[in-house]
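First the structure, in the form of structure tokens, and then the observations on it.
The values are calculated or read from the model by the stated rules, or taken from the named source; none is laboratory data. Treat the numbers as computed from the prediction; the structure is a model and nothing was measured. Here the Cβ is made from the backbone with ideal geometry for all residues, glycine too, and neighbour counts use every protein chain on show. Quick note on the areas: whole protein, heavy atoms, side chains included, nothing else; ligands and nucleic acids left out. Shrake-Rupley method; radii C 1.70, N 1.55, O 1.52, S 1.80 Å.
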Amino acid sequence: MKDFDGRKRVVIESVSPEIDSGLFAVKRVIGEEVVVRADVFVDGHDEVSAFLLCRKAGEKKWKESPMTALANDRWEGSFAVHEAGLHYYTVMGRVDHFRTWQKDLEKKFGAGQNLSVALMTGSQIVDKASRRAEGEDAVRLAEYSRNLAAERNQEKAYSVALGEELSRLMEDYPLRDYDSFYIRDLPLIVDREKALFSTWYELFPRSTSSNPNSHGTFKDCGRLLPEIARMGFDVLYFPPIHPIGRTNRKGKNNSPVSDPHSPGSPWAIGAEEGGHKSVHPALGTMEDFKELVRLAAEAGLEVALDIAFQCSPDHPYVREHPEWFNWRPDGTIQFAENPPKKYEDIVPFDFECAEWRALWEELKSVVFFWIEKGVRIFRVDNPHTKPFPFWDWLIPEVKKVQPGVIFLAEAFTRPKVMYRLAIGGFTQSYTYFTWRTTKQEITGYLEELTMSRAREFFRPNFWPNTPDILHEYLQYGERPAFMVRLVLAATLSSNYGIYGPAFEVMAGEAFPGREEYMDSEKYEIRNWERKKPGNLNDFIARVNKIRRENPALHSTWNVRFFDTDNEHILFYVKSTPDFSNVLFVVVNLDPFHKQSGRVRVPLHHLGISAGSPYLVQDLLSDDKFIWQGEWNYVELDPGLLPAYIFRVKSRLRREQDFDYFM
């Protein structure tokens with residue numbers, strides 16, 4: 001109780017956002033606003049002021065801004081963040097004796113009571129403020145104090161007491177001795193803009209050779225950069241590029257038997273040529289990789305690497321650090337299993353080993369090794385199979401040195417586990433989008449991501465396909481299905497990606513009854529016919545151009561769904577906060593049949609009067625339509641174009657209920 005001061009009377013509670021009592025950080029990107037709400041109140045009838053405080057880690061001085069009273073003792077304030085890294089915010093409350101005095105004075109004056117004693121009380125309050133002030137302000141406050149005590153004309157004194165200048169001066173020099181602060185400073189991680197808006201293209205470098213009988217190289221990848229950039233991608237993601245083990249090497253289609261020509265799975269990391277800090281010799285040299293990173297940057301692309309903290313039985317770690325692995329009673333090393341599945345070519349680390357600290361440090365050094373080579377984005381394989389405390393430690397350790405590093409969590413697992421990884425620091429996360437195909441599934445899932453507490457820490461990255469997942473919607477829906485899923489991923493989420501070549505050529509052949517590619521590129525080199533007639537390259541480029549040019553698509557949090565009279569038609573609106581960019585997205589979820597119906601436009605929220613016509617332009621086809629009123633007719637033939645992305649052109653009001661969309 002040594003530092004307890006009972007004169008600090010303001011109660012501050014129910015602060016939001018706050019993750020697990022401040023144990024973990026809320027997330028934003030540079031330029032985003034942080035809106036904070038809190039219950040702030042005091043005993044009795046005194047007036048209270050609430051303030052939002054923020055600072056960057058390492059700074060001692062708080063930046064202070066007043067909060068606005070809502071209803072029922074709830075307050076709101078906001079601040080924008082302009083620098084990446086760790087920040088803090090909190091809430092401060094203050095009993096405002098001067099405003100309390102003003103409020104009581106108004107009541108007494110209105111009741112016709114004598115104000116002489118009340119004015120002397122006010123004079124004392126102002127006199128104390130004059131002693132805290134400096135320069136001309138101190139002089140003016142002292143003068144106000146004298147006048148309030150000496151003024152015999154109550155009406156004139158009342159006017160002075162409630163005057164604008166005196167009120168402003170008193171706000172500038174408050175009594176801070178009894179300010180109350182929220183019980184904790186709340187952490188905030190600020191990432192660079194690409195954490196919120198990015199467009200990923202996944203590519204296996206070994207499948208990039210123009211010669212169908214050759215292993216691709218980093219130089220071959222460089223040849224593809226112009227086309228990938230033309231399609232509008234800004235992140236080029238490579239699965240593991242390290243040497244691949246030979247022991248228990250998997251063959252075609254995950255066969256436990258391989259032939260001498262089987263390249264193996266890139267996720268079976270490590271061989272006599274090296275481990276996590278080496279590149280596969282067939283891909284080229286480390287200098288070749290660094291040159292590719294440079295060329296990609298010139299083309300507007302960042303190279304993202306897969307971080308898979310696992311080994312093949314041939315990894316140097318197994319020989320040099322056997323204590324980092326599990327050994328079975330028969331003396332053999334424990335390979336990875338997810339019964340009944342077996343991954344004999346992969347051995348996991350034992351994170352419960354006695355030398356866990358040395359293991360953690362070594363894995364951290366792997367990340368920094370690739371950062372030194374120019375990589376700032378990592379897709380992390382199966383992070384949910386490693387301890388949460390490891391990620392809680394590793395990611396902040398990296399961000400302390402390189403705050404711009406982005407970590408994407410590839411964890412298709414239970415919701416609470418996925419959320420916990422995001423809470424612990426992962427910048428972006430894979431999602432269940434791949435399996436959400438109906439109208440009800442899509443709307444329910446997006447509302448969960450954007451309207452629950454998850455939006456404070458979980459940044460979704462939508463993928464219609466991955467090398468591991470080929471949903472039956474794509475297996476059977478052919479070209480319209482690929483177009484539908486692309487539009488949905490690219491417009492619902494501000495971060496999205498595709499497993500590139502397979503998506504471009506609409507590869508849909510899978511094992512019967514399974515969501516796995518036939519002849520999976522994970523186990524063999526595929527020479528994709530990227531210029532195959534009818535490919536989706538131009539359509540992908542069009543969609544990504546729309547994304548770049550429309551700021552409404554640069555956020556995930558602003559999506560709102562509206563009614564249609566056809567369950568196969570999905571209709572949603574995305575807008576910038578000032579409504580300068582408004583998009584209507586209409587999608588036919590049925591890849592086999594033409595669907596038509598009416599969509600209900602939120603006229604009131606967009607500031608469009610009910611009787612006024614407005615122009616909508618489809619950015620996919622450039623077709624223009626004049627709409628009027630709430631309900632408007634649409635028709636979508638999946639054989640032609642299964643979606644519209646309308647940009648609204650109308651005299652929209654700029655001052656609206658922004659909370660409705662943001």
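Listed conditions (1) assigned to a loop (DSSP other than H, G, I, E, B); (2) surrounded by 13 or more Cβ atoms within 10 Å (Cβ to Cβ) are all met by ILE12, apart from (1). Select, from PHE539, PHE584, the only residue that is part of a strand (DSSP E or B) and touching a residue at least 40 places away in the same chain (Cβ under 8 Å). Only one candidate passes the filter, namely PHE584. Considering segment 55-150, the qualifying helices (runs of 4 or more DSSP H), each wholly inside and each with 1 or more residues that are in contact with a Phe, Trp or Tyr (Cβ under 6 Å, 6 or more places away or on another chain), run over 97-110, 116-132. Would you be able to say whether some residue in segment 435-449 is surrounded by fewer than 19 Cβ atoms within 10 Å (Cβ to Cβ) and not in a helix (DSSP H, G or I)? Scanning segment 435-449, I find at least one residue that is surrounded by fewer than 19 Cβ atoms within 10 Å (Cβ to Cβ) and not in a helix (DSSP H, G or I), so the answer is yes. Restricting ASP637, ASP590, ASP618, ASP623 to residues that are closer than 28 Å to LEU474 by Cα, at pLDDT 95 or above and open to solvent by 70 Å² or more (accessible area, probe 1.4 Å) narrows the list to ASP623.
Being out of contact with any Cys (no Cβ under 8 Å at 6 or more places or on another chain) and part of a loop (DSSP other than H, G, I, E, B) is true of PRO403. For segment 235-284, taking the residues that are under 32 Å from the mean Cα position of the chain (by Cα) and part of a strand (DSSP E or B), the one that is surrounded by the most Cβ atoms within 10 Å (Cβ to Cβ) is identified as ILE269. Of the residues ILE371, ILE377, ILE333, the single one that is under 23 Å from ARG246 (Cα atoms), of a type in the set (Val, Ile, Thr) and open to solvent by less than 60 Å² (accessible area, probe 1.4 Å) is ILE333. Checking the stated criteria, PHE511 turns out not to satisfy the condition of being out of contact with any Phe, Trp or Tyr (no Cβ under 7 Å at 6 or more places or on another chain), modelled with pLDDT under 95, of a type in the set (Phe, Trp, Tyr) and open to solvent by less than 10 Å² (accessible area, probe 1.4 Å). Only one of the listed residues (GLU410, GLU397) is farther than 15 Å from LYS27 by Cα and buried (at least 18 other Cβ atoms within 10 Å of the Cβ). That residue is GLU410. Return yes or no: is ARG514 free of Cβ contacts under 8 Å to residues at least 24 places away in the same chain and among the charged types (D, E, K, R)? Yes; evaluated as a whole, the condition is true for this residue.
Checking the structure you have, find out if any residue of segment 178-186 is assigned to a strand (DSSP E or B), hydroxyl-bearing (Ser, Thr, Tyr), open to solvent by less than 30 Å² (accessible area, probe 1.4 Å) and on the phi < 0 side of the Ramachandran plot.
Yes, that holds for at least one residue.
For segment 480-492, check the following and say yes or no: at least one residue is open to solvent by 10 Å² or more (accessible area, probe 1.4 Å), at pLDDT 95 or above and of a type in the set (Ser, Thr, Tyr). No, segment 480-492 contains no residue that is open to solvent by 10 Å² or more (accessible area, probe 1.4 Å), at pLDDT 95 or above and of a type in the set (Ser, Thr, Tyr).
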